[in-house]
Structures are given as C-alpha cells and as structure tokens.
Amino acid sequence: MTAETLAFAGVAVVLLASSLGVVLTPNLFHAVLYLAAALVATGVVFLLLDAPFLFGVQLLLYAGGVVTIVVFAIMLTERLVGTSIRQTSRYLVNGALLSAAVFVGVAGFLVQLPPAAPRPAWPGDLTVAVGRALVGPYAMPFELLGGLLVIALLGALYFARSEP
Amino acid sequence: MPLGAYLTLAALVFAIGLFGVLTRRNAVGILLGIELMLNAVNINLVAFARFHADLAGIVFTLFTISITVAEVAVGLAIVIVIFRVRRTVEADHLDLLRG
C-alpha cells in the first residue's frame, strides 16, 4: 500500500459517505453541509490527480459560492426554519433500482478498459500551462464564459427582483 | 491509482446524485443531487486529462465549474420566484403546466 493508495481510499470513503448524506438525510440544511464536505473531497481528488489549481477553484467557487447561495435559498423558502424543513423522499426503491442500473451500465464500460497504463508525466507546471492556455488557444471561450456569467447573474437578479 | 479507480469513484457519485434527483421532493434537494452528478463528471474529466497528459480536460473542467455556478444562481432564483408565487417548493405540487 503506497501513500497515494491510502490517500485515495480515504478520500473515496469520505466522498461516498458525504454524497450518501446529501441524498439521504431528511433535513435539507444538513444535506447542504454534507454537500460542502463532498465538494471539498472532490477537490482533494483533484489534488491527487496533480491539479492543485482546480482544487483552489473548487474550494472558492463550489464549496464557497454554491453552498452559500443554496443556504440562502433554503432560508428564504422555508417559513419556519426547523419545523417545515424536514422533508420526505418518495419512490426510494424505484430510485435506488434506476441509479444502480445506471451504475452497472457505466461499470460495464469500465471493465472493458485496457490494462492500467502508467501515468504520463506532466510537462512542466500545470498552473502555468492552464494560464497560458486560457489566454492562448482558449481565449475566445474564456471571454464567452465571462459574458455568460454576467448574463446569468443579470437573469437571476431579474427573476428574484421584488415587484414594483 | 489506475484510471479505472477514479472512473469507478465518479460513477458511484453519479449514481448517488441520480438517486437524489429521483427521490427528493424539494426543488432545492433536486438541485443538490444535480450538483453531485456534475461533480462526478468533473472527476472524470480531470482523470482523463491527467492520464492522457492533455490540458484540454483541465480547461474544460474550469469552464464546467463556472457554468455550474451560473446555473445554480439562475436555478435558485427560479426556486425563490416559484416559492413567492405558489408558496411551495415541492416538485410534486408544481403542476401548473400539466394538461
């Protein structure tokens, strides 16, 4: 057992456990906290894949931004936090069957993978390479992404504005 | 770890997220399940990018993360508007467009 295998096993257990927490806990507020744990664990998976820049982006945007927005939405849509926040789930058996079927379908492709190829070495510093790619070959999509973010936030403001 | 381990982990997280989308009644809970599924896809993208030493997967993951944030902002704005109009966010009660 190398240190990498051990780290992968640990983060996989945390990620799967917190993901199950997101979908199974009856309290929606707790579900968001489990989602934050799952998002941080995903960031650690990025770290294991030698992408520290993505780990930072994941922490800032997902674990920071998305979780904050969802917490606000829950507080705004529950009249009495604590009493009406409990919620039941439906079709538990059907949902479990369907998602297990999807997993088995994906696993059917995974067992056809060619035998494990060793990891190729990254050419140089990944963060530098990503930065150069964003202003080089991917400059146009990067600009379009900025436009999309502005439009989406304006749209969200328009939806959520108070009626005159 | 081999590529297959990361892909299996991502497939498991995707299945769990799908379970959440299918079983949650609350619209916010459904959104949380969608977040899990998007995360699983991001793990796949980064794993393939790393094992093929291709930068495109990393850059694409950056784009999907940003677009997801925009999607969450718009989705939750819609949830808040629906709550204002219908006083509920239960997906089963939102059948205004049913024929």
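The values are calculated or read from the model by the stated rules, or taken from the named source; none is laboratory data. Keep in mind it's a predicted model, so treat the numbers as computed, not measured. All Cβ positions, glycine included, derive from the backbone under ideal geometry; neighbour counts span all protein chains shown.
Taken over the range B:32-65, residues that are among the aliphatic types (A, V, I, L, M) and at the interface with another protein chain (Cβ under 7 Å from one of its Cβ atoms) amount to 11. In the range A:1-12, how many residues are at the interface with chain B (Cβ under 10 Å from one of its Cβ atoms) and either at pLDDT below 90 or farther than 17 Å from B:MET37 by Cα (or both)? Number satisfying all stated conditions: 7. Is it the case that some residue within the range A:92-112 is facing chain B (nearest Cβ under 7 Å), at pLDDT below 85 and surrounded by 15 or more Cβ atoms within 10 Å (Cβ to Cβ)? Checked the range A:92-112: no residue is facing chain B (nearest Cβ under 7 Å), at pLDDT below 85 and surrounded by 15 or more Cβ atoms within 10 Å (Cβ to Cβ). Residues in the range A:34-58 that are in contact (Cβ under 8 Å) with a residue 24 or more places away in the chain and more than 10 Å from every other protein chain (Cβ to nearest Cβ): 3 in all.
Counting only residues that are closer than 20 Å to A:LEU97 by Cα and either of a type in the set (S, T, N, Q) or over 8 Å from the mean Cα position of the chain (by Cα) (or both), the range B:1-22 holds 14 of them.
Does the range A:124-131 contain any residue that is more than 7 Å from chain B (Cβ to nearest Cβ), surrounded by 11 or more Cβ atoms within 10 Å (Cβ to Cβ), within 24 Å of the chain's Cα centre (by Cα) and over 24 Å from B:PHE63 (Cα atoms)? No: the range A:124-131 contains no residue that is more than 7 Å from chain B (Cβ to nearest Cβ), surrounded by 11 or more Cβ atoms within 10 Å (Cβ to Cβ), within 24 Å of the chain's Cα centre (by Cα) and over 24 Å from B:PHE63 (Cα atoms). The sole residue among A:ALA41, A:ALA9, A:ALA17, A:ALA3 that is among the small types (Gly, Ala, Ser) and either touching a Cys at 6+ places or on another chain (Cβ under 7 Å) or crowded, with 19+ Cβ neighbours inside 10 Å (or both) is A:ALA41. Does the range A:73-86 contain at least one residue that is under 24 Å from the mean Cα position of the chain (by Cα), outside any helix (DSSP H, G or I), at pLDDT below 90 and closer than 29 Å to B:VAL69 by Cβ? Yes - at least one qualifying residue is present in the range A:73-86.
Within the range A:140-164, no residue that is facing chain B (nearest Cβ under 8 Å) sits with its Cβ atom under 9 Å from a residue that is among the basic types (Lys, Arg) and surrounded by 15 or more Cβ atoms within 10 Å (Cβ to Cβ) at 6+ positions apart or across chains. Looking across the range B:47-99, the residues that are without any contact (Cβ under 8 Å) to a residue 24 or more places away in the chain and polar (S, T, N, Q) come down to B:THR61, B:SER66, B:THR88. In the range A:20-38, the residue that is surrounded by the most Cβ atoms within 10 Å (Cβ to Cβ) out of those that are β-branched (Val, Ile, Thr) and closer than 16 Å to A:LEU92 by Cβ is A:VAL22. When only residues in the range B:23-73 that are of a type in the set (Ser, Thr, Tyr) and either surrounded by fewer than 19 Cβ atoms within 10 Å (Cβ to Cβ) or farther than 23 Å from A:LEU113 by Cβ (or both) count, which is farthest from the chain's Cα centre (by Cα)? If we take residues in the range B:23-73 being of a type in the set (Ser, Thr, Tyr) and either surrounded by fewer than 19 Cβ atoms within 10 Å (Cβ to Cβ) or farther than 23 Å from A:LEU113 by Cβ (or both), then B:THR23 is farthest from the chain's Cα centre (by Cα). B:ILE16 meets all of the listed conditions (1) surrounded by 23 or more Cβ atoms within 10 Å (Cβ to Cβ); (2) more than 8 Å from chain A (Cβ to nearest Cβ) but one, namely (2).
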